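The values are calculated or read from the model by the stated rules, or taken from the named source; none is laboratory data. Given the structure is predicted, the values throughout are model-derived calculations rather than measurements. Glycine also receives a Cβ, built like all others from the backbone with ideal geometry; neighbour counts cover every protein chain displayed. Note: areas computed on protein heavy atoms with side chains; ligands, DNA, RNA excluded. Shrake-Rupley method; radii C 1.70, N 1.55, O 1.52, S 1.80 Å.
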Amino acid sequence: MDIVSYMFGKSIFVGMIVGILSLYAISRQKSDLHTLLLTDLVECAMLVIIAAVGTDLAEALILPGLVVGLAEVLAVSEILIYRNEVRKNNLMSDNKKLRLFEEFLAKEEPYVNTDVNFNKMEVIYSAPKFIGFILVLYGAFLTGFTGGAVMASGLLFYLLSQGAIGNGVSFNDIKHSWEAISGFSGIMWAFWILLGFAGFFLFPEHYLFFLVITGCALALKVGSKLGLIGSLRI
Amino acid sequence: MSLNIDSIAGVFYGYIPFGDIVFYFTEFSLIGFIIALFFTLVVYLTKPEKQLEFQIGDFGDKLNYVSLEELKIRRLMAIVCGICTAFAMLTGDLFDYALFLAVIGIANMGIVSAVKKEGVLSAAFYYGIIAMISTLPLFGASALILAKTGTLSILELAKNSHDLLFQKIIYAVGMVGETGIAPFYAAKAEMFRAPGAPYILMIHLSSLLIIVRTVEIMLNVH
Amino acid sequence: MDLIILTLYLGYFLLILGTIGVITGPKVNDPLNRLLNIEVPSLGLMLIFLAYNQTLALMTYIAINSIITLVFVRTIIKNGELEA
Amino acid sequence: MDIGKIWNYISKPEVVPRLFAAFLCLILAIEFFVPTTYYKDQLYPKDIPQSQIFKSSLAPYDRGGVPLIKPADIKTQYPQFEPIRGKITAYLTPLSQWLSEKTPYFGTTIVSTPGGILDEILYYTRGMDTILESLTLLISFMIFSWIYLNRERVE
Amino acid sequence: MDIIILNNIYHVIDAISYGLYAFLVGGLLLGFHRKIIARIQGRPGPPIIQYLIHTFKYYLKEISIPITAGNPLYIFMALMGIMVWLTALYLGVVFKTSLLILIGLYVLQKIVEHGCGLSSGSPYGKLGGVRSVFSAAAEVPLFAAVGIIYILTQSLIIKDIISYQLLNGPIIFKLPFAAFAFFILLISKAPNSPFGIVKDKSIVSGYITEHFGILESLILISDAIAWFVLLWLFIAVFIGPIVILNPLLTLIGMVILTFIISIICALTPLLTPNHSVMLQILITALVIIDLLHKSATI
């Protein structure tokens, strides 16, 4: 018997169980942050159900599913942070009205461990360049969305470790480079649609040309965009 | 191609093939397409209104307005949302339609996320959570339909009967979450309190058109 | 054939156990612990991808998972700062 | 039990995700008992898992065909709309061709440089999906970066 | 050549006169509605032609645009109301196309309400607009009803539904739940109805607070046409060819329906927004259960 159809029922079964459990957990969860974390599990359930189909088409459907999950996490988490900041500011401004002499009240400073000495971690100086370089190169070789994601993780790793040892980019510098790079990413997106996707249908005889453009543009687009996350100040 | 579609969405006019994904035109989808595009144009041309707001526990009204930076990103999101809604009317593929819904969901979030108000941001966050949850039923149901019938194309699925009632229910639940219809309307309705009418209007238009279109798909696929 | 089925079952096992762990594991009230627990079901998911021979999806998932984890860590830290 | 109170309760935004999750949970729990069947004649079929290992250097993505000469035979939904069907699947870049002659271990890498079955599906036969997929990422990134860069903005 | 042009002119005249007819009938029915409510509440009430007089008066009044309004959306919305309902009149009543298109157009009415309310920048208009978003729940039973009708008749084209009823008798006896859901929709569209949270008097005039002069007149015209189209649709889909093929009988049917709706409107209180939505959701649940039952038995 064919293994995919043999295991299909069981995979769907597992996907449903994971979905039901995680959804139940969400329905019992009151903290916003925990809800956000649990939705990651829901994505897992979705991916299992798609993977259970087991054809090449299923694999081609997994990739959009993955990306949609990533994209939504990216946007929603940032909205959550922003919301909490606005809420805190509102509370503070309200407090100023209510509490007189607030500035004279003793306040406990949150304890921050400043003794960590990054200088001792040799690996953070030598490894990131190499690993980042390898990952970016490998991503460029892979092309397409997979390549972009690999490239991005290389860039991310490099930029994060640079930030950790104090060579990171300052916020003012980020603002300009950020806009430049995200603009580049958007241009690459347009490139892949206009020169890649449309080209396949308009000029089928030159398909190789469009294929290479599509793969490279998509990899550059995803890689540059997600790699930027590494330059964030946490 | 199929006669079944004729009796649901009106006269079948033709199709544009993009490989396996076929965009088809019927009376219904053409009207939806034109309305969505026309609205996008109106939204692009309209200046946001200046909104007067009641103050609780205080006298006088507060004037809300949309600053230029905010206007730019929100207008962009509204236009993306409108164009995606227009093409979602035409697409003839279940998975493609689910992806369109995902894009519309994120664009809806984007339209309000630039507003610096706690209530609106909160509603956007909860709507985002619902949108993330509803990727499970949407994509999951289309995968189940693919496994059961071996195709994702609506035109193929409309040709003969497949007994897809339960898969269709899951798909419809995904649409319910993504468009925020009642009884799950609260998060989305709170987003409408943000200033900037033309952009907010786009959220509403897209979700209403999507609901009608989903009904059409659910009737076609059987 | 046996190896594939074994891999699949291991994937199922990790996925379900990991899910239960994320939901009701020890000390999951700390978001960071919960985030670390999520790695277990995602490992199960990777094994399932491997068993179905969907290696490209597997590779993409690994790369994306690292990015998602980073985004989550950032969110958790930022939230912790704001609540402190 | 006051039904009006319940109605008021479920119209709070913070309750809605939980309510929706519970609802979906219920639907899935019903669905759990519905038998699902697997249609054998799928589109884009795949070989039996692990069957190509060490038989082809493109494993597990060897779908036949000779680069630039003979297109691979893949089963698509609408072959009549796809004039170059199978050509992308069969294509290998010179670099990956060289790599495929050297080693049997890099099948995935070789296939995912432009060409291969997934690139054919993602770029050509179902290209619209990829447009939307990358659009989703683009939009969410725009939201993210706008909020990040304009955080200190005062009204 | 001349004959074609002449024919075209005749067609245009036909179309315009039919639109005018729909407006007059709808306006008179709405006036009748108001009169009955007044009589039940023990007031003499305005004359039946009051609605038409109102429309005419506003048509001649001066227009001014609030400084807070977002143009051109503010003006466009009033035109859109007329556009939507004239389209519905011609596509539905004259050409008898798909029911789904008509429902799509009905859904656009929500956009008009919402757009009018929000584009003016007035707090009252905004409240009306937001409430209109809430009450989008009223459409949900409609979709379930459409599903049930499709399962019964295997077609959504109004022409086919009418010919189905010619053979098998009125649908209202076969699908009481669907008819009930549609009837609730009619009630929620009527002025002073229990579901009329959009035009609640506590928020002045709801979404049309800031639209006056010719803009309000346009909205009133579109409301009158809407009333005509909705009543016609209910009669055509559920009661069938016996009434719909004779214009006089159609008119009588519309008067009777308006009478029933007015009595319901006069005797019921206005619900709060949440409760109105949830009541409609309960009705939806009823209709959806009916739909599932019907589709499972087929």
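Out of the residues in the range E:270-288 that are within 20 Å of the chain's Cα centre (by Cα) and in a helix (DSSP H, G or I), state the one that is surrounded by the fewest Cβ atoms within 10 Å (Cβ to Cβ). So the residue we want is E:Leu279. Within the range B:107-155, the set of residues being open to solvent by 10 Å² or more (accessible area, probe 1.4 Å) and of a type in the set (Gly, Ala, Ser) comprises B:Gly119, B:Ser122. Of all residues in the range C:51-74, those being more than 7 Å from chain A (Cβ to nearest Cβ) and open to solvent by less than 10 Å² (accessible area, probe 1.4 Å) number 1.
One line per residue, one yes/no per condition, for (1) open to solvent by 50 Å² or more (accessible area, probe 1.4 Å); (2) in a helix (DSSP H, G or I):
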position	(1), (2)
B:Gly14	no, no
B:Ile34	yes, yes
B:Val43	no, yes
B:Pro48	no, no
B:Val66	no, no
B:Leu71	no, yes
B:Arg74	no, yes
B:Cys81	no, yes
B:Phe87	yes, yes
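Here C:Gly11 meets the list (1) free of Cβ contacts under 8 Å to residues at least 40 places away in the same chain; (2) part of a helix (DSSP H, G or I); (3) in contact with a Gly (Cβ under 9 Å, 6 or more places away or on another chain) almost entirely, failing just condition (1). When the helices (runs of 4 or more DSSP H) confined to the range E:25-142 are screened for residues that are more than 27 Å from B:Ala36 (Cα to Cα) and either modelled with pLDDT under 85 or touching a Gly at 6+ places or on another chain (Cβ under 6 Å) (or both), those reaching at least 3 such residues are found at E:50-60.
The condition of being in a helix (DSSP H, G or I) and either more than 21 Å from D:Lys40 (Cα to Cα) or in contact (Cβ under 8 Å) with a residue 24 or more places away in the chain (or both) holds for only one of B:Val115, B:Val120, that being B:Val120. When the range A:123-168 is limited to residues that are of a type in the set (Val, Ile, Thr) and assigned to a loop (DSSP other than H, G, I, E, B), the one that is nearest to D:Tyr124 (Cα to Cα) turns out to be A:Thr143. Checking each residue in the range E:114-141 for being within 9 Å of chain B (Cβ to nearest Cβ) and over 19 Å from B:Lys188 (Cβ atoms) picks out E:Ser119, E:Ser120, E:Gly121, E:Ser122, E:Pro123. Considering the range E:253-286, and only residues there that are of a type in the set (A, V, I, L, M), out of contact with any helix residue (DSSP H, G or I) (no Cβ under 8 Å at 6 or more places or on another chain) and more than 9 Å from chain D (Cβ to nearest Cβ), the residue that is farthest from D:Ile6 (Cα to Cα) turns out to be E:Ile256. Taking (1) small (Gly, Ala, Ser); (2) touching a Leu at 6+ places or on another chain (Cβ under 8 Å); (3) surrounded by fewer than 20 Cβ atoms within 10 Å (Cβ to Cβ) in turn, C:Gly44 satisfies each apart from (3).
Within the range D:110-119, being facing chain A (nearest Cβ under 7 Å), open to solvent by less than 10 Å² (accessible area, probe 1.4 Å) and assigned to a helix (DSSP H, G or I) holds for D:Ser112, D:Ile117, D:Leu118. A search for C-beta distances below 6 Å between a residue of the range A:125-152 that is open to solvent by 10 Å² or more (accessible area, probe 1.4 Å) and any residue that is of a type in the set (Lys, Arg), counting only pairs 6+ apart in sequence or on different chains, returns nothing.
Check whether at least one residue in the range D:29-48 is over 22 Å from the mean Cα position of the chain (by Cα), more than 7 Å from every other protein chain (Cβ to nearest Cβ) and at pLDDT 85 or above, and report yes or no. For the range D:29-48, residues over 22 Å from the mean Cα position of the chain (by Cα), more than 7 Å from every other protein chain (Cβ to nearest Cβ) and at pLDDT 85 or above: present.
The residue pairs whose first member lies in the range B:197-216 and is free of Cβ contacts under 8 Å to residues at least 40 places away in the same chain and within 15 Å of B:Ala86 (Cα to Cα), whose second member is open to solvent by less than 10 Å² (accessible area, probe 1.4 Å) and among the aliphatic types (A, V, I, L, M), and whose beta carbons are closer than 6 Å, counting only pairs six or more residues apart or on different chains, are B:Leu208/E:Val107.
Considering every residue within the range D:120-129, establish whether at least one is closer than 22 Å to D:Gln52 by Cα and within 7 Å of chain A (Cβ to nearest Cβ). Yes, because at least one residue in the range D:120-129 is closer than 22 Å to D:Gln52 by Cα and within 7 Å of chain A (Cβ to nearest Cβ). Of all the numbered requirements in (1) more than 22 Å from D:Ile121 (Cα to Cα); (2) out of contact with any helix residue (DSSP H, G or I) (no Cβ under 9 Å at 6 or more places or on another chain), D:Asp47 misses one, and that requirement is (1). Comparison of A:Gly19, A:Gly15 shows that the only residue that is modelled with pLDDT of 90 or more, at the interface with chain D (Cβ under 8 Å from one of its Cβ atoms) and within 15 Å of C:Leu45 (Cβ to Cβ) is A:Gly19. With respect to the conditions (1) open to solvent by less than 10 Å² (accessible area, probe 1.4 Å); (2) modelled with pLDDT of 85 or more, E:Ile157 falls short on a single one, namely (1). Take the conditions touching a strand residue (DSSP E or B) at 6+ places or on another chain (Cβ under 9 Å), outside any loop (DSSP other than H, G, I, E, B) and farther than 23 Å from B:Ile35 by Cα and apply them to E:Lys159. Does it pass? Here the answer is no, as E:Lys159 does not meet what is asked. Note on the range A:49-64: residues that are in a helix (DSSP H, G or I) and facing chain D (nearest Cβ under 9 Å) amount to 8.
Number of residues in the range D:139-155 that are closer than 19 Å to C:Val71 by Cα, open to solvent by 20 Å² or more (accessible area, probe 1.4 Å) and among the hydrophobic types (A, V, I, L, M, F, W, C): the value is 2. Kindly indicate the residue of the range E:195-248 that is in a helix (DSSP H, G or I) and charged (D, E, K, R) and also nearest to E:Met278 (Cα to Cα) among those meeting that condition. Across the range E:195-248, the extreme among qualifying residues is E:Lys199. Listed by position, the helices (runs of 4 or more DSSP H) enclosed by the range D:1-99 that each have at least 3 residues that are open to solvent by 40 Å² or more (accessible area, probe 1.4 Å) and more than 20 Å from B:Leu144 (Cβ to Cβ) are D:3-9, D:16-31. Among what's in the range E:85-98 and is in contact (Cβ under 8 Å) with a residue 24 or more places away in the chain and facing chain B (nearest Cβ under 9 Å), pick the residue that is surrounded by the fewest Cβ atoms within 10 Å (Cβ to Cβ). Among them, the one singled out is E:Thr97.
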